[in-house]
Amino acid sequence: MKNIKYIILISLSLLVFLACEDNVLNLEDPGSPTDATFFRTEAQLEVALTGVYESLNYVRSVPFPQLLDHTTDYAYNRGNVGGTVAVTTGGVTSTEGIINGFWVSFYTGIQRANNLLTNMPKAEEASDPGRYEQIKAEALFLRAMFYSYLTELYGDVPFRTEVTSLEELEIKSRTPKAEIVASIIVDLEEAANILPPTQSANERGRASANAANALISRIALYNEDYVLAESAALKVMNSAETPSLFPDYEALFTDAGVGSSEVLLDISYINGTKTHSLSQVQGSRFGGWCQLVPSQQTVDSYETVNGLPIDEDPAYDTCKSVRKS
């Protein structure tokens, strides 16, 4: 009888042990992506690419180009949105939030792009060949854009074109700016040869050949390669779908100007889904915070309603044009 009891106890113990072992073996969520399961389909590549585009956004839902404008003479930051006041007042240090913020934001985008470019061959056979190449071209474009801002803001920076661990990032030395510039221009030229001149309305916000060549032109101009800057700009001007100025300047900054022929690349938003706070922080006190505002010299640079500079229009009233802070 005792033997039977022992056998039953041992059997029950084994069942409990095996059940525990089974739980241990299945701790990972089968619905969560891993290196072994992700980057296997075109749809997964699209998800990864969306993550790279997401890095175009910045602090407090304000896109980074607007924040950079407010570190210059173009505009003034009354509320210290994003910490730009330290830059404009000459008190910026390496520990300021805006310095670290741009660094982290751009390198996040670069790491995401590297992750996609490194792993996307896993899905090549399961993807449409044309779309596969375009996804690669868009990732190359975005990575080049992030590096272009990093080199202009910081000069020599760590340069990686593959996935980098946190440990590697901590010890990675800086690469000369000129070397990085040469590399990203090659990437942009490859992207420009793959991407369509412009994107359709349904694909608004994606990189295009015109956007790639325009970025090449800007990078070359900033680095004093004027021959390349001119040739890349001419490719945009002479493209099959040449950009043109929007006929109504005021409407350009409303919904009517969204996706106009004047736009080479924009950051897409969807009401209620993906939004930004520019209308609030740039808006007047009648509903906004009036934090990001143009400088007076920017206001004065505009022509009057008569199409003349302010110092050439006798009907211009200086008192009515002064910006109120």
Count the net charge of all other residues whose Cβ sits under 13 Å from the Cβ of Ala182, scoring Lys and Arg as +1 and Asp and Glu as -1.
-3
Taking Lys235 as the anchor, which aspartates and glutamates have their alpha carbon closer than 20 Å to its alpha carbon, excluding any fewer than eight residues away along the same chain?
Glu138, Asp187, Glu189, Glu190, Glu224, Asp225, Glu262, Asp266
So how compact is the stretch 254-305: Cα radius of gyration and Dmax in angstrom?
14.0, 38
Give me the Debye-computed log₁₀ of I(q)/I(0) at q = 0.14, 0.24, 0.28 Å⁻¹ for the stretch 144-201, equal point scatterers on Cα only, no solvent, two decimals.
-0.48, -0.99, -1.15
What area, in nm² and to one decimal, does the C-alpha convex hull of the stretch 86-212 cast on average over all directions?
9.6 nm²
Averaging sequence separations of C-alpha pairs under 8 Å and six or more residues apart, then dividing by the length of the stretch 93-201, give the relative contact order as a whole percent.
32 percent
By the C-alpha gyration tensor axes a ≥ b ≥ c (rounded if a/c is under 1.5, else prolate when a/b exceeds b/c, else oblate), the shape of the stretch 198-325 is oblate
Count charges around Thr151 for me, please; just the other residues with Cβ under 11 Å from its Cβ, Lys/Arg as +1, Asp/Glu as -1.
-1
The percentage of Cα-Cα pairs in the stretch 38-117 separated by more than 22 Å is 36 percent
Taking a quarter of the surface of the Cα convex hull of the stretch 212-253, what do you get in nm²?
3.7 nm²
Which of the GluC sites (Glu not before Pro) found in the stretch 161-206 are loop residues per DSSP with 11 or fewer other Cβ atoms within 10 Å of their Cβ?
Glu162
Cut-off under 5 Å, modelled amide H: who pairs with Ala75 long-range:
Ser295
Taking a cut-off of 16 Å between Cα atoms, list the aspartates and glutamates near Lys122, but don't count ones fewer than 8 places away on the same chain.
Asp35, Glu42, Glu46, Glu133, Glu162
Long-range amide H contacts for Thr175: which residues qualify at under 5 Å (H placed 1.01 Å from N, peptide plane, sequence gap of 5 or more or a different chain)?
Val157, Phe159
Relative contact order of the stretch 55-133, please, whole-number percent, based on alpha carbon pairs below 8 angstrom and at least 6 residues apart.
24 percent
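All of the numbers you see were taken from the coordinates with simple rules; none came from a lab. Quick caveat: nothing in here was measured; it's all calculated off a predicted structure. Virtual Cβ from ideal backbone geometry, glycine too; neighbours counted across all protein chains shown.
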